[in-house]
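Here is the structure we will look at, set down as structure tokens.
Each reported figure results from applying straightforward, stated rules to the coordinates on display, with no laboratory input. Because the structure is predicted, anything quoted here is derived from the model rather than measured. Note: ideal-geometry Cβ built from the backbone for every residue, glycine included; neighbour counts use all protein chains shown.
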Amino acid sequence: MKNLQDLATLLRYFILQSTTQAGSGHPTSSLSAVELMTVLFFSGFLRLDINEPENPDNDRIIFSKGHASPLFYSLFAAAGAISVEELLTLRKFGSRLEGHPTNAFPYTQVPTGSLGQGLAVGIGTAINAKYIDKTASVTYVLLGDSEIAEGSVWEALQIAHHYKLDNLIGIIDVNRLGQSGETMDGHNVDVIAKKVAAFGWEVITVDGHSISEIQNAFTKTQQVKDTPVMIVAKTVKGKGVSFLEDKQNWHGKALSQEQFHEAVKELGNIQYDCRGTILKPEKTKVSHTSGKKITMTGYQKNDLIATRKAYGSALVRVLSENPNAVVLDAETSNSTFSIKAKEAFPSRYFEMYIAEQTMVSVAAGLARTGKIPFISTFAAFFSRAYDQIRMSQYAKSNSKFVGSHAGVSIGEDGSSQMGLEDIAMFRTIQGSVIFYPSDAVSTEKLVEKAAAYQGIVYIRTTRSDTKVLYGNDEEFVIGGSKTVRSSKNDVLTVIGCGITLYEALTAYEILKKEGIIIRVIDLYSVKPVDKKSLLKAHEETKNLITVEDHYKEGGIGEAVIATLVNTGAKVHSLCVSKTPKSGTPAQLLDFEEISANAIVKAVKEILKSRLDANAYLLDDNRYATRTI
């Protein structure tokens with residue numbers, strides 16, 4: 001017991017020293033959880049090989065309250081994993097010890113700090129341990145009492161209970177004070193405990209500064225079966241320093257040097273050379289048996305097959321070839337067609353119900369364990385999980401997102417169901433790849449590419465059946481495109497993908513009958529864009545028209561414009577520009593002026609404008625040319 005108390009005092013010193021040296025940070029939020037983490041790390045509960053952070057048998061520790069990073073780093077200093085000298089680089093440029101934990105620090109599972117996400121990430125690592133790799137690894141998640149106001153926490157509580165994750169232990173640090181005042185429930189731990197218990201969790205309440213109570217609590221967690229456990233701990237923010245304890249207006253503030261010296265005196269006898277030991281995990285043999293590899297469906301040209309259906313078929317093939325591939329869906333599997341994966345590989349399909357935020361974070365947790373998660377729902381619904389998607393990029397997550405029912409072409413369901421912002425959203429994600437396949441063959445091939453790519457991929461699929469355009473041996477690459485109609489007589493190039501490619505092909509036939517020959521490009525790779533082919537098209541046809549079932553801002557037109565910046569290319573954009581409504585797909589494509597008729601009109605107006613001295617300054621600015 002004395003050694004644990006000495007370690008707790010040392011941790012408080014490290015927290016104060018590192019934040020004072022940095023001149024910023026969150027010492028008070030760290031001080032409140034010291035005993036909780038001291039017992040977990042150094043009392044024989046956490047099992048983690050500090051010399052092998054990526055050991056799959058390691059327990060997982062996630063600080064969902066990532067602003068308590070001074071405590072997180074101090075724990076590893078007290079374990080001898082990092083030096084005190086490195087600890088004092090906290091928040092310095094180039095240091096592994098950033099203001100909130102990132103994967104630059106090898107013991108970080110995923111970057112945290114955008115609150116309310118860590119528990120769902122923990123579900124991902126726990127699901128992997130219990131159902132896929134079948135190891136003894138336990139995931140521990142430290143949450144703050146402020147962050148449990150986030151709805152995503154309660155989504156995660158439901159999912160964890162549903163999957164009976166007895167290898168998931170949450171710890172709520174109830175220190176009463178948030179950033180700007182008291183939290184919703186203050187120090188009323190019984191109210192918080194009842195809320196969590198209502199979601200089916202085993203709940204243990206403790207004095208968060210009593211080492212013996214905390215030890216008993218962690219011992220009890222080991223005896224619970226088929227139910228996740230939450231330790232609800234009443235703590236004091238700023239514990240150990242009288243002028244900080246339970247005081248307002250200290251959140252996110254470091255001490256001055258004078259205050260630091262005063263605080264150190266209060267800590268009493270500090271055993272500077274004291275170090276704790278983290279136990280190593282027992283080794284588990286993880287074996288995955290691949291099923292029989294499934295060959296690609298033999299499609300016939302002109303067959304009518306929706307790309308969302310082809311996605312389901314491709315998913316089954318990916319799962320058959322790669323034992324690390326897993327599938328998540330948000331209760332839309334019979335529409336996204338991930339149901340095919342559920343039927344073929346039920347042990348690697350996880351239903352997330354209508355909890356898209358949790359689904360994305362669970363995927364990040366699975367990706368952290370080496371899995372390749374494919375995540376599907378309607379394209380529109382990924383927008384509510386944008387923060388989780390944003391954080392996935394910082395985790396360098398290997399997640400694959402698939403959004404079906406995109407654009408106004410879904411028809412009668414109306415604007416609430418139409419993904420019209422999804423391409424913009426995923427274009428902002430650093431290092432992401434965006435595919436928008438038009439037919440079944442390209443879908444299957446691009447799902448393969450997505451699985452092989454290390455990083456975030458977004459695949460946009462279409463609700464309606466579309467004709468198979470390509471032969472089964474056609475190849476598709478990241479950053480590529482297909483020129484599907486071309487000749488030496490092309491007067492203009494139309495660029496489409498997904499549903500608008502077929503509108504462009506229809507426009508091609510209409511114009512051809514009038515003696516106007518256009519080039520048509522399938523821009524299946526929206527990010528990165530095939531710059532070489534687009535420059536060639538512009539050089540040979542003088543003007544480019546992009547046609548997209550998406551809003552202008554952040555869409556395909558802007559992607560092409562950004563790619564061709566400073567090249568002198570002239571790009572016209574047809575896109576969704578009016579508030580959509582219910583109607584048939586054909587009516588809505590006409591209404592938004594992205595149909596074949598609209599393309600024909602745009603082509604003729606552009607060709608007419610070439611005769612004007614003031615070319616490209618048209619009355620209708622929907623067709624106004626941009627010279628880049």
Could you line up 432, 335, 438 from fewest to most neighbouring Cβ atoms inside 10 Å? 335, 432, 438
Would you list 242, 486 from fewest to most Cβ contacts within 10 Å? 242, 486
Extension gain (nm, one decimal) between residue 136 and residue 610, 0.36 nm per residue minus Cα-Cα: 163.6 nm
If r is the Cβ-Cβ distance from residue 465 to residue 271 and R0 is 60 Å, what FRET efficiency results, to the nearest 0.05? 0.25
If I model a spin label as a point 7 Å beyond the Cα along the Cα-Cβ vector, how far apart are those points for residue 488 and residue 475 in nm? 2.8
The list [x] 25.3; [y] 31.7; [z] 26.5 gives values of Kirkwood radius over Cα pairs in Å, and only one came from this structure; which label was calculated from it? [z]
From zero up to wherever the largest Cα-Cα distance of segment 408-451 sits, split into 5 Å bins and tell me the percent of pairs in each. 5, 18, 18, 19, 24, 13, 3
Over the alpha carbons of segment 2-267, what is the largest minus smallest coordinate on each principal axis, giving the biggest first in Å? 51, 40, 35
Where in segment 497-593 are there GluC sites (Glu not before Pro) that are in a DSSP coil and have at most 14 other Cβ atoms within 10 angstrom of their Cβ? 514, 553
Which stretch or stretches of segment 24-52 have amide N atoms under 17 Å from the point lying 7 Å from residue 2's Cα along the Cα→Cβ direction? none
Hey, what's the Cα Rg ratio for segment 483-627 versus the globular rule of thumb, 2.2 N^0.38 Å? 0.96
Search the structure for amide H atoms under 5 Å from the amide H of residue 61, placed 1.01 Å from N in the peptide plane, and list their residues when 5 or more places away or on another chain. 140
Förster radius 60 Å - calculated FRET efficiency between residue 286 and residue 184, Cβ distance, rounded to 0.05: 0.90
Alpha carbon centre of segment 75-139 versus segment 208-287: separation in Å? 16
Ignoring everything except DSSP H segments at least 4 long, calculate the 222 nm mean residue ellipticity for the chain; use -39,500 (n - 2.57) per segment, divide by total residues, nearest 500. -10500 deg cm²/dmol
Note the per residue figure in Å³ for the convex hull of the C-alpha positions in segment 304-467. 94
Reference-scaled alpha-carbon Rg (2.2 N^0.38 Å with N residues) for segment 338-428: 1.11
Using a basic spin-label model with each label point 7 Å from the Cα along Cα→Cβ, how many nm lie between residue 578 and residue 207? 7.0
Do any chymotrypsin sites (Phe, Trp or Tyr not before Pro) in segment 68-161 lie in a loop, going by DSSP, with at most 13 other beta-carbon atoms within 10 Å of their beta carbon, and if so which? 93
Taking a spot 7 Å from the Cα of residue 531 along the direction of its beta carbon, which residues of segment 418-462 have an amide N less than 19 Å from it? 427-435
Once you have the Cα-Cα distance between residue 194 and residue 553, take 0.36 nm times their residue separation minus that, and quote the gain in nm to one decimal. 124.7 nm
Fully extended, how many nm does the chain gain between residue 259 and residue 567 (0.36 nm per residue separation, minus their Cα-Cα distance)? 105.0 nm
Select from segment 470-513 those trypsin sites (Lys or Arg not before Pro) which occupy a DSSP coil region and have at most 13 other Cβ atoms within 10 Å, ordered by residue number. 488
Residue 301 versus residue 222, label points 7 Å from Cα toward the beta carbon: distance in nm? 6.7
